[in-house]
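Heads up, the thing below is written out as structure tokens.
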Amino acid sequence: MSKQKQFEELEVWKCSKELAVLLYQLTEDGGFKKDFGLKDQLRRAGVSIVSNIAEGFERNGNKEFIQFLSIAKGSAGEIRAQLYIAKDLNYLSEEAFISLESKVSSISKMLSGFINYLKQSDLKGVKFN
């Protein structure tokens with residue numbers, strides 16, 4: 001497990017929460033307003049990242065945490081794919097696309113690094129103490 005005592009202390013969780021809020025705000029207007037499918041998928045994927053980090057942390061074991069971080073990473077990929085569609089449909093400006101894609105890619109890299117750290121860590125989680 002990580003050295004933090006609560007998932008709210010994790011930098012990747014904080015960044016993911018910011019992204020989820022940003023996705024909600026972004027999908028309130030423009031083409032998203034009537035595109036309920038894409039709007040819902042983007043929101044769900046954003047919430048999925050935050051939720052899976054939290055749930056995995058609360059499981060108190062590295063193996064389960066890694067599994068949930070992997071699911072969160074998959075949701076980050078889902079968001080990136082959906083952003084391309086939103087851009088192609090002109091729901092996003094090029095500037096907004098670049099900014100969001102950069103944020104999601106950064107979160108994905110953070111998740112990869114965290115997964116690798118946990119795989120190599122001697123810490124196994126509080127349920128194994």
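The values are calculated or read from the model by the stated rules, or taken from the named source; none is laboratory data. This structure is a prediction, so every number in the text was calculated from the model and none was measured. As a convention, Cβ positions derive from the backbone with ideal geometry for all residues, glycine included, and neighbour counts pool all protein chains shown.
In region 83-102, the residues that are over 15 Å from PHE36 (Cα atoms) form Cβ pairs under 9 Å with partners that are outside any helix (DSSP H, G or I), at six or more places apart or across chains, as follows: LYS87/SER93; LEU100/LEU92.
Filtering region 57-85 to residues that are within 13 Å of the chain's Cα centre (by Cα) and not charged (D, E, K, R) leaves PHE68, LEU69, SER70, ILE71, ALA72, GLY74, SER75, ALA76, GLY77, ILE79.
For region 52-61, a residue qualifies if it is touching a Ser or Thr at 6+ places or on another chain (Cβ under 9 Å) and surrounded by fewer than 18 Cβ atoms within 10 Å (Cβ to Cβ), but none of them does. Before we move on, is ALA54 under 21 Å from CYS15 (Cβ atoms), outside any loop (DSSP other than H, G, I, E, B), under 13 Å from the mean Cα position of the chain (by Cα) and not aromatic (Phe, Trp, Tyr)? When the stated conditions are applied, ALA54 passes them.
To keep it simple, each residue is scored yes or no on (1) out of contact with any strand residue (DSSP E or B) (no Cβ under 9 Å at 6 or more places or on another chain); (2) modelled with pLDDT under 95; (3) surrounded by fewer than 16 Cβ atoms within 10 Å (Cβ to Cβ); (4) assigned to a helix (DSSP H, G or I).
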position: LYS63; (1), (2), (3), (4): yes, yes, yes, yes
position: ILE79; (1), (2), (3), (4): yes, no, no, yes
position: LEU83; (1), (2), (3), (4): yes, no, no, yes
position: LYS87; (1), (2), (3), (4): yes, no, no, yes
position: TYR91; (1), (2), (3), (4): yes, no, no, no
position: ILE98; (1), (2), (3), (4): yes, no, yes, yes
position: VAL104; (1), (2), (3), (4): yes, no, no, yes
position: LYS109; (1), (2), (3), (4): yes, no, yes, yes
position: LYS124; (1), (2), (3), (4): yes, yes, yes, no
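I'm checking my understanding of the structure. Among residues of region 86-101 that are over 18 Å from the mean Cα position of the chain (by Cα) and among the polar types (S, T, N, Q), which one is nearest to GLN41 (Cα to Cα)? The extreme case among them is ASN90.
The rows are residues; the columns are (1) within 22 Å of TYR91 (Cα to Cα); (2) touching a residue at least 12 places away in the same chain (Cβ under 8 Å); (3) touching a helix residue (DSSP H, G or I) at 6+ places or on another chain (Cβ under 8 Å).
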site	(1), (2), (3)
PHE7	no, yes, yes
VAL12	no, yes, yes
GLN25	yes, no, no
PHE36	yes, no, no
ALA45	yes, yes, yes
VAL50	no, yes, yes
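Entry remark, region 3-30: residues being of a type in the set (Gly, Ala, Ser) and either at pLDDT below 95 or surrounded by fewer than 12 Cβ atoms within 10 Å (Cβ to Cβ) (or both) number 1 in total.
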